[in-house]
Structure formats: structure tokens, C-alpha cells
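Encoded as C-alpha cells, the structure appears first; notes follow it.
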Amino acid sequence: MNQNERKYDVFISYSSNDQKLVETLCNYLETKKLRCFVAYRDVPKGKDWGSYIVTAIADCKLFIYVHSQSANKSEETTREINLAFKKRCVVIPFRIDSSEYISAKEYRLANVNWLDAFPDDPSNYFEVLYKMIKPNFLDRIGIEDKDILFKCRNVEFKMIKVLGGTFRRGETSGLFGRFLGVKKSEQFVTLADYYIGQTEVTQELWEVVMGSNPSRFIGNNKHPVEKVSWNDCQEFIKKLNELTGKQFRLPTEAEWEFAARGGNKSKGYKYSGSNDASSVAWHKNNSGNKTHPVALKQANELGLYDMSGNVWEWCQDLYGDYSSTPQTNPKGASDGVDHVIRGGSWYYEAKLARVSSRNDSSPINRFSDIGFRLAL
């Protein structure tokens, strides 16, 4: 089973008395693009606890045992450790106090390297834990630390690595109100590492995957593809994944906005890469009422083009209000019909191309100012 087929990468075994620390550890690891299974969050209420635990350990390749006095006494954590060794997981004990292993645990853990995270605050050791994981594990699940150039048939396209981080979304100074799709509010969001397309998907790439070109503005296949619905994008991505063996997808709205803002390199611009809309975006006042080839305007801090303007870009999320509480890797509204589109377009005024601006559209709509870019 490869990384793209697994639901989780890391199983965290712990005592309920240590749940607060485990929540913090889980959030940290997920900013590093490690998908964690923690029972308090990932076992649905009313479901068989044991079957979920067994399935998750079998699914994961890394097992972190958070060792404390209470976890040491737990029969559940002992069973989880035994199952992890049976399933040939990489096991790392993370000791948060000085209690010695009971005999049942010592038998299994005597010959593995553990990390002592005391007497200081254990959260100070998260980075050390990650460094223990990285050389022995990340290579096996396919996480890379650089941009990647892909080729589908004869068409090349580049995916830019976005290092995870925390940012504020919702209100940009001077930009809120119903018309702009932005409420006067803020939300702190933490994201794991991911990749996003350097440009919008071009007509050239769409054609080699789908065999046709639905766009209104043809004649130069370096233009972004448009007149594609959210549903059409899902079909394209399915076929692209079959051709490449990868797991491309649409970005979440949070991933899109973090990248548009410049990620951890953000300089706080109103538009993606500048406070001057026309230097980075094709919009109503400079487009000539049409799309333009991708990557002609200035790139943003991450080297991404056309995050503002040219065409609106579909996101994976259903459209809905932001949560009022901090979120980690949010996936959007839990129900609804319309999906998020971001970035503005050649048809609309520049103010809709700001990095805070939101809009939505039915998943069946095909408009000549809506396209998309890929995530991975």
C-alpha cells in the first residue's frame, strides 16, 4: 500500500489523561503533512472502538507511543503496541515523564530508540521528534521538500511546494462586505505542507488528458482552460491521476488562500504578489475582455502566477461561513450545494481579485471566466 492509498500515516497511542498534549502533537505533525490517527478525534461516536483501532494501525506505517505513568498502566496502549509490532510499523516511544516501562511494554520497546521529553515542557521536543522521523520514514511515504516538474504525455507542468504554517484569513484591511464575499471577521488556520500548481491548468494540459478543449478563448493553448464545471474538474483529475499514477486534486480554499498570500514568505499584499493589481492580475480594466496566456504577469512570493485575475479558480470546498475558532487543515462547509471559487477574473473589477475575496458557483456551471489549478 502506498502513501496515496493510505488514509493515515501516523498512529498516536496515548492515555486519555494526556489528551491535551496529544492534540498539540497531532496538530504539529499535521503541519508537516503527516496524517495522524488519534482515537478521540477519529473514532466516530457510537462506533466500535476496537475495530477502528485495528484498522488504523494496519493503515499506518509510523506508530508513536506517548509514554506517561498513566499510559504505562493502560492495557489498551499495551495491546496497541503489540499490534503495531505485528504490523511492522516504525515505533517511536515519546516519553513525557520518568516512569519506567512495565514488563509487558519493556519486552516490546527494549530495542527501539525513544525520545525523552522531560523534565521540560514536552511540546519543546516536537521538532526533535520530527527530526527523528524524517530520515527513517518520510522517504517511504513520498514526502519531498522541493518543487516538482511533471509531464503528462508531451505537456509539462510544475507543482510548487508550499511549506505548512499558520495564517489569518477572513478580513484583509479595508476589504470586507457582502459584495466582496468577506465578512469583517478573522480566523487562524494551520496547514500542513502541500503542493499547488505554478499556473492555472492550461488548455494544452486539458486537451492531452481529455481529448477536447471546451474553452471560449482558443487559439493559444497556453491560455487557462475555462468553461469547465467543478464536476468537469473532478473528471479531469481522475483521468490525470490514471495517466500519472499521482493523486492530484483541487486545493482546499484554505490552501488556495495561503498560497495566494505567499505562504510563509507573505509580504501582506492585497493582491497575490503586489498591492498593484495590474502588475499581477488580468481584470476588467486591462484584460481586453478575454483571458491571457498564463504566467505573463508578475509571480507572487512563492513563484505562483495568476492567483489574482485571469480566471476564477475552483476549490474543493463547499461554500459556507468561516468557523469562529482556529482550524487545522479545514475542508470547508459540511453541507451545501455551491463550491468556492477564488481569485477574480478578466471579467470583473480588480477588487474581486484580492486575496481575501470569496465567491461561489454551482458545481455544474461552465463559465468563460472560471478555471482551476491543481494541488497535491
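The values are calculated or read from the model by the stated rules, or taken from the named source; none is laboratory data. Quick caveat, the model's predicted, so the values are computed rather than measured. Quick reminder, even Gly has a Cβ in these numbers, built from the backbone with ideal geometry, and neighbours come from all protein chains shown.
Residue by residue through region 320-347, note down the ones that are at pLDDT 95 or above, of a type outside the set (Val, Ile, Thr) and over 15 Å from residue 224 (Cβ atoms).
Matches in region 320-347: 338, 339.
Determine which single condition residue 42 fails, assuming it passes every other condition in (1) at pLDDT below 90; (2) surrounded by 15 or more Cβ atoms within 10 Å (Cβ to Cβ); (3) of a type in the set (D, E, K, R).
(1)
Select from region 105-131 the residues that are free of Cβ contacts under 8 Å to residues at least 24 places away in the same chain, within 24 Å of residue 35 (Cα to Cα) and aliphatic (A, V, I, L, M) and list them in ascending order.
Of everything in region 105-131, those that are free of Cβ contacts under 8 Å to residues at least 24 places away in the same chain, within 24 Å of residue 35 (Cα to Cα) and aliphatic (A, V, I, L, M) turn out to be 112, 115, 117, 128.
Could you please give the count of residues in region 199-226 that are of a type in the set (Asp, Glu), buried (at least 24 other Cβ atoms within 10 Å of the Cβ) and closer than 17 Å to residue 150 by Cβ?
Residues that pass the stated criteria total 1.
Condition test on residue 246, is it closer than 23 Å to residue 32 by Cβ and either assigned to a loop (DSSP other than H, G, I, E, B) or in contact with a Cys (Cβ under 6 Å, 6 or more places away or on another chain) (or both)?
yes
If I filter region 347-369 for residues that are closer than 26 Å to residue 33 by Cβ and touching a Pro at 6+ places or on another chain (Cβ under 8 Å), do I get at least one hit?
no
Considering only strands (runs of 3 or more DSSP E) fully contained in region 3-104, which possess at least 3 residues that are touching a residue at least 12 places away in the same chain (Cβ under 8 Å) and of a type in the set (A, V, I, L, M)?
Where strands (runs of 3 or more DSSP E) fall fully within region 3-104 and carry at least 3 residues being touching a residue at least 12 places away in the same chain (Cβ under 8 Å) and of a type in the set (A, V, I, L, M), they are 62-67, 90-95.
Only one of these conditions is not met by residue 289: (1) at pLDDT below 95; (2) polar (S, T, N, Q); (3) farther than 19 Å from residue 315 by Cβ. Which number is it?
So residue 289 meets the others, but not (1).
Filter region 250-303 for residues that are crowded, with 24+ Cβ neighbours inside 10 Å and polar (S, T, N, Q); which is farthest from residue 158 (Cα to Cα)?
291
Condition check ((1) without any contact (Cβ under 8 Å) to a residue 12 or more places away in the chain; (2) over 22 Å from residue 203 (Cα atoms); (3) assigned to a helix (DSSP H, G or I); (4) within 22 Å of the chain's Cα centre (by Cα)) across all residues:
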| position | (1), (2), (3), (4) |
| --- | --- |
| 215 | no, no, no, no |
| 220 | no, no, no, no |
| 258 | no, yes, yes, yes |
| 279 | no, yes, yes, no |
| 292 | no, no, no, no |
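Looking at residue 328 and the list (1) of a type outside the set (Phe, Trp, Tyr); (2) in contact with a strand residue (DSSP E or B) (Cβ under 7 Å, 6 or more places away or on another chain); (3) surrounded by fewer than 17 Cβ atoms within 10 Å (Cβ to Cβ), which single condition is not satisfied?
(3)
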